[in-house]
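Q: Please find one structure pasted underneath; my questions will follow.
Each reported figure results from applying straightforward, stated rules to the coordinates on display, with no laboratory input. The model shown is predicted, which means the values in this text are computed figures rather than measured ones. Here the Cβ positions follow ideal geometry from the backbone for every residue, glycine too, while neighbour counts run over all protein chains shown.
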Amino acid sequence: MPDNDEQAHRDWRIPDELWEHIEPLLPPRKPHPLGCHRPRGDDRQAMDAIFFVLRTGCQWNALNETKICSSSSAHRRFQEWVEADVFVALWEQGLVEYDAIQGIDWEWLAMDGAMTKAPLGGEKGGQEPHGSRQNRHQTQRPHRRPWRAHRSGRGWRESE
């Protein structure tokens, strides 16, 4: 009977057919300049981990518990591949394939958006208090005490 780690990896593995489309899009591996360090992890496992994060919405560090790939390797590879436009190329390939299979009606397209003022943006001079009777004070560091803005005979007085 497979253990939970093997089962999780198998359940979230990219299908072979999809991997065949992704693999040629990946940039060539660069050897380490000093020729040292551990060998680079498997690209397929890194991509499995990236798709796991994208599909589940989990944090990168949660990958360590899945044993699919280390979170640092997956995140580093994700950044490299975003920089190399791997995911844009994969998206374009998907559009072309979908167009060939189903057809995309390029005559009718829509875009949605809004250009409005932020609802709680306030005036340009600064934010207004959220409540008219609300007292606004600057945040102080925990080891400092707030001070009043007027002087007494002995120096600055502490606020009450």
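Q: Per residue, how big is the convex hull around the C-alpha atoms of region 1-115? Give it to me in cubic angstrom, could you?
A: About 180 Å³ per residue, rounded to a whole number.
Q: Work out from phi, with θ = phi - 60° and the Karplus expression 6.51 cos²θ - 1.76 cosθ + 1.60, the ³J(HN,Hα) of each residue of region 14-20, listed in order in whole Hz, and give x for Gly and Pro.
A: Each residue of region 14-20 in turn: 5, x, 4, 4, 5, 4, 5 Hz.
Q: Of the listed peptides 65-71, 14-20, 76-82, what is their order by residue-averaged count of other C-beta atoms within 10 Å, with the highest listed first?
A: Order by mean packing, descending: 65-71, 76-82, 14-20.
Q: Arrange Asp42, Asp112 by Cβ neighbour counts within 10 Å, fewest through most, would you? Kindly include the intermediate steps, with their values, before the conclusion.
A: On the way: Asp42 11, Asp112 4.
Ascending Cβ contact count within 10 Å gives the list Asp112, Asp42.
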